[in-house]
Structures are given as C-alpha cells and as structure tokens.
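In what follows, a single structure is set out as structure tokens and then discussed.
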Amino acid sequence: MSSLSRFVTSVRADFGSLQRYRAKYHNEVVPLSRLPAALVKKIGLQMMVATRTMRLLEELHVPLGGQIASRVIRHLYGAEIHWKTQVGDGVSIVHGTGLVLSHRAKVGPGCILFQNVTLGEGRDPDTGESGAPTLGRDVHVGPGATLLGPITVGDGTKIMAGAVLTRSVPPYSLVKPAEAEVSSRKTDK
C-alpha cells in the first residue's frame, strides 16, 4: 500500500471511530459525506489528520516535514505529538489539549485519548529498561492520566481520569487513580 493510500485509509478509520462514538453516546448517525464538515468542527479529528499528515511526510522523506507538522500541532492545539509516535487506525482524541505522546509511544487501533494525557518515557522500576507505553487495541485513557515507562496496556483496558500508571496491565483491566488523602491543616488565626 502506498503512503498516500495508507494516509486515506487511516483518516477514514479515524472518522469511523468518530461515527461509532457519536452513535453510541449521542444517538447520532454521521454519514461519510459529513467528513469535510467534521474536519472543520471536530478538533480531535483535526488533530488526528494532522498526526496522519506528519506521518505521511515522514514516510515520503520530506526533509523536516514531520518535525514542522509536529510543531504546528503544538501551536494550534497545545499538544505534543512526536513525529515518530506510532498511532494505529481509528484512534479518537477527545478535547486533546495537553496531550503528550513520546516518540517511543505506540497507540493501538481504536484507542480513545482525552485531554492532558501523557504517554511518556521512563524507566521500568524492576528492570531499569527505558521506554514509553504501548497501548493495545481499544484502550480508553481518561483525562489527566499519566502513563510512564516501557509498559504494555492490554486490549480493552480503561484507565480512569487522573490515574498514574508505571506498570503493565493485562487486557480488559480497569485502572483507577489513587484515592486523595485528606488531612486537616493549620490555619494562621
């Protein structure tokens, strides 16, 4: 498959994800004919097309093309998506501001990434190996979640808002954030 064909296939899959979630959560049918309008209205889809464009420029060996596209994403959307990040087809970005994807991160097909999500580099506490997260198929990463190090997140896992994850989890896990600790504080009265 040519780079351009791959680009088109990926964008259609990303739009397909938008169609599925609009039907599931909003009871709305979005036909393929509404793709151009969605590209204007839906920030997450715009970000995915920008990410696909970044990858296309890299595959076509356009000098600095991927890096320039990465900087455009940073300034337009307030997101840091490295030009070497591997992103599967049918990924949805919801709100997207503050999204950070390391160059070593891998996002599987059908994943959903919310605002302020970080897939960052780190070291495995047991092995000392460095790397970034690999998300399996259909992983849902809630707002403000931070995933660090060479971890694998199994297919169908849901990572709730605010969770911090530094260890691999099996498929179909539910990752909850730590409970906030509340204590009394002294006041200057």
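The values are calculated or read from the model by the stated rules, or taken from the named source; none is laboratory data. Please read these numbers as outputs of a predicted model, since none were measured by experiment. With ideal geometry, Cβ positions are generated from the backbone for all residues, glycine too; neighbour counts draw on all protein chains shown. What goes into the accessible areas is simple: the full protein's heavy atoms, side chains included, and nothing from ligands, DNA or RNA. Shrake-Rupley method; radii C 1.70, N 1.55, O 1.52, S 1.80 Å.
Scanning region 119-143 for residues that are open to solvent by 30 Å² or more (accessible area, probe 1.4 Å) and either assigned to a loop (DSSP other than H, G, I, E, B) or closer than 14 Å to Q86 by Cβ (or both) returns E121, D124, P125, D126, T127, G128, E129, T134, R137, D138, P143. Of all residues in region 100-118, those satisfying the criterion of being assigned to a strand (DSSP E or B) and either open to solvent by 40 Å² or more (accessible area, probe 1.4 Å) or more than 16 Å from K84 (Cβ to Cβ) (or both) are V100, K106, I112, L113, T118.
For the residues A69, A79, the requirement of being touching a residue at least 24 places away in the same chain (Cβ under 8 Å), of a type in the set (G, A, S) and either touching a His at 6+ places or on another chain (Cβ under 8 Å) or crowded, with 22+ Cβ neighbours inside 10 Å (or both) singles out A79. Report yes if H95 is modelled with pLDDT of 95 or more, under 27 Å from R12 (Cβ atoms) and either out of contact with any strand residue (DSSP E or B) (no Cβ under 8 Å at 6 or more places or on another chain) or open to solvent by 40 Å² or more (accessible area, probe 1.4 Å) (or both), otherwise no. Here the answer is no, as H95 does not meet what is asked. In this structure, A23 does not satisfy being closer than 23 Å to R74 by Cβ, at pLDDT below 95 and surrounded by 11 or more Cβ atoms within 10 Å (Cβ to Cβ).
Here I43 clears all of (1) in contact (Cβ under 8 Å) with a residue 24 or more places away in the chain; (2) open to solvent by less than 40 Å² (accessible area, probe 1.4 Å) except the condition numbered (2). Once region 144-189 is narrowed to residues that are basic (K, R) and closer than 22 Å to N116 by Cβ, the residue that is least open to solvent (accessible area, probe 1.4 Å) is K158.
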